[in-house]
Structures are given as C-alpha cells and as structure tokens.
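Derivation of every value follows stated rules applied to the coordinates shown; laboratory data play no part. It should be emphasised that the depicted structure is a prediction, and the values quoted were computed from it without experimental measurement. No Cβ is skipped: glycine too gets one built from the backbone with ideal geometry, and neighbour counts run over all protein chains shown.
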Amino acid sequence: MTVTEITDISKKQCRICVDHDFCFVLYKGELRQYGIAAGEELTEENLRKVLEELLPRRAKMRAMNLLQHRDYTEKQLRDKLLDGGYPQETAEQALEYVRSWRYVDDTRYAQSYLAAFAGKKSLRRMELELQQKGIARDILEQAVQNWQEQDGGQDELRMACELLKRKHYDKDSGDRKEQQRLYNFLAYRGFSGEVIRKALHMDPEI
C-alpha cells in the first residue's frame with residue numbers, strides 16, 4: 001500500500017489517498033504515529049488500525065455529536081460523515097451504531113416533521129421535502145398514515161383559502177390572470193388541483 005497523495009484540508013487535518021484508490025482524513029499529528037508520508041509504503045497493520053479502529057470510533061463519536069444538536073435522517077447523517085472525509089464503509093458502521101440505539105430513526109423523524117409543519121405546509125409539500133431528506137417511500141407512507149390516524153391530518157382546503165385571504169383574493173373581482181397566478185402560487189406549495197379550484201371559487205368566509 002503506497003500513500004499516493006496527502007492534501008491539507010485545514011490547519012489541523014489532511015486527506016490521505018492510498019494507491020489512488022481510497023482516501024480518508026486524519027489529523028496532521030497522527031501522520032507520524034501511523035507512519036504516513038507521501039510516496040512511502042503504509043504497512044497493512046497501520047492501515048488496519050486506521051480503518052478498523054481509529055476511524056470507526058471517531059465516526060461514531062461524530063455522529064453522536066451531530067445528533068446532540070438536532071435530529072437527522074439517515075441520508076443527512078451519512079452525507080455529513082462522507083463530507084467529513086470518512087470512507088463509505090466507516091460511515092455505514094457509524095450509522096449502524098446510532099441506528100441500533102435508535103438515535104437515528106427515519107420513521108420518528110418523518111412523524112415529527114409532519115406534526116411540526118401540519119397546518120403550515122400542504123401534505124404533498126411535506127412529503128416532497130421528506131423525500132428530499134432521504135426518507136424512503138414505504139417509511140413515508142407509514143408515517144403519513146400514522147399521523148392521519150393520530151392527528152386527523154389537516155384541512156387543506158381551509159389552508160388554501162387562508163392563503164388566498166392573505167393575498168387579498170376576491171373570487172368576484174379576480175380576473176383569469178390573477179386566478180392563474182394564485183393557482184400557480186398554491187400549486188407550488190403542494191396543494192392539489194382539486195383543492196385549488198375549490199378554494200378559488202369559495203366565498204371568502206370559511
């Protein structure tokens with residue numbers, strides 16, 4: 001195993017690439033400890049210590065520290081670890097660890113998100129945002145079902161009408177151009193075409 005490149009990424013850390021194949025990040029003070037130098041051979045024993053002992057322990061601690069400050073989906077936490085220079089396998093080991101203790105739980109995250117933004121965002125918008133955060137479709141469907149059973153979901157027609165009120169929309173005086181603009185406004189927020197059409201033709205008092 002040959003250290004093919006060492007690149008500074010901060011005053012304290014650098015990225016080490018081995019055999020042009022894989023890379024990992026260490027503190028500069030650890031280079032001498034593990035006999036790492038550009039163009040030099042890296043012993044299998046030292047590489048094993050880095051990949052199987054040092055980095056997995058550090059990645060678990062990093063994941064735990066991140067979760068102390070806010071909740072993450074598995075995808076978000078994985079991306080954080082990969083962005084921090086941890087190899088894919090090391091990131092997965094850390095995820096498995098926090099998952100085993102339920103410190104990260106996509107079902108819980110999705111249900112909390114739905115409860116937090118109910119009445120503020122349409123269900124379609126919340127579903128889209130949760131998918132972008134990495135929530136799997138089957139987990140999302142179950143979370144929505146649980147939320148609707150427990151909390152009754154939300155009245156999206158009323159929400160759409162309230163938004164139109166804030167835009168000072170009047171169905172009797174609004175022309176087609178204004179209706180199209182407001183239709184697009186509500187559609188962007190995830191309301192269905194059926195809900196939007198009803199809201200645009202309802203009396204302002206709901």
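With a 10 Å radius around each residue's Cβ, average the other Cβ atoms per peptide and rank 176-183, 49-56, highest first.
Details: 176-183: 13.1, 49-56: 17.1.
So the peptides 176-183, 49-56, ranked by packing, come out 49-56, 176-183.
Can you tell me the FRET efficiency between E41 and W101 if r is taken as the Cβ-Cβ distance and R0 is 35 Å, rounded to the nearest 0.05?
Working: r = 39 Å, r/R0 = 1.11.
Between E41 and W101 the formula returns 0.35.
So, with +1 on the Cβ of K and R and -1 on the Cβ of D and E, and no other charges, what is the size of the charge dipole of region 49-206 about its Cα centre, to the nearest 20 debye?
Working: 29 positive and 27 negative charges, 108 e Å.
It works out to roughly 520 debye.
Beyond 22 Å between alpha-carbons counts as too far, so tell me which of K120/K167; K12/K80; K133/K198; K60/K80 fall in that bin. Walk me through the intermediate numbers first.
Numbers: K120/K167 16 Å; K12/K80 19 Å; K133/K198 31 Å; K60/K80 12 Å.
From the list (K120/K167; K12/K80; K133/K198; K60/K80), the Cα-Cα distance tops 22 Å for K133/K198.
Can you find, among I139, P87, Y103, the residue sitting farthest towards the positive end of the charge dipole of region 38-164, where Lys and Arg contribute +1 and Asp and Glu -1 at Cβ?
Comparing the listed Cα positions along the dipole, Y103 ranks first.
Take the Cβ-Cβ distance between M64 and D170 as r, set R0 to 35 Å, and report the resulting FRET efficiency rounded to the nearest 0.05. Please report the intermediate quantities before stating the final value.
Values: r = 54 Å, r/R0 = 1.56.
According to the calculation, E is roughly 0.05.
Tell me, what is a quarter of the convex hull surface for the C-alpha atoms of region 14-54, in nm² with one decimal?
Details: hull surface 10.8 nm².
The Cα convex hull of region 14-54, projected and averaged over all directions, gives 2.7 nm².
Can you say what percent of the DSSP beta bridges in region 6-156, counting only those with both residues inside, are antiparallel? Round to 5. Could the numbers behind the result be given before it?
Numbers: 9 of 10 bridges.
Roughly 90 percent of the DSSP beta bridges within region 6-156 come out antiparallel.
Taking the chain as the region of interest, what is the percent of Cα-Cα pairs per 5 angstrom bin, listed from the shortest bin to the one with the maximum distance?
1, 7, 12, 13, 11, 9, 8, 8, 7, 6, 6, 5, 4, 2, 1, 0
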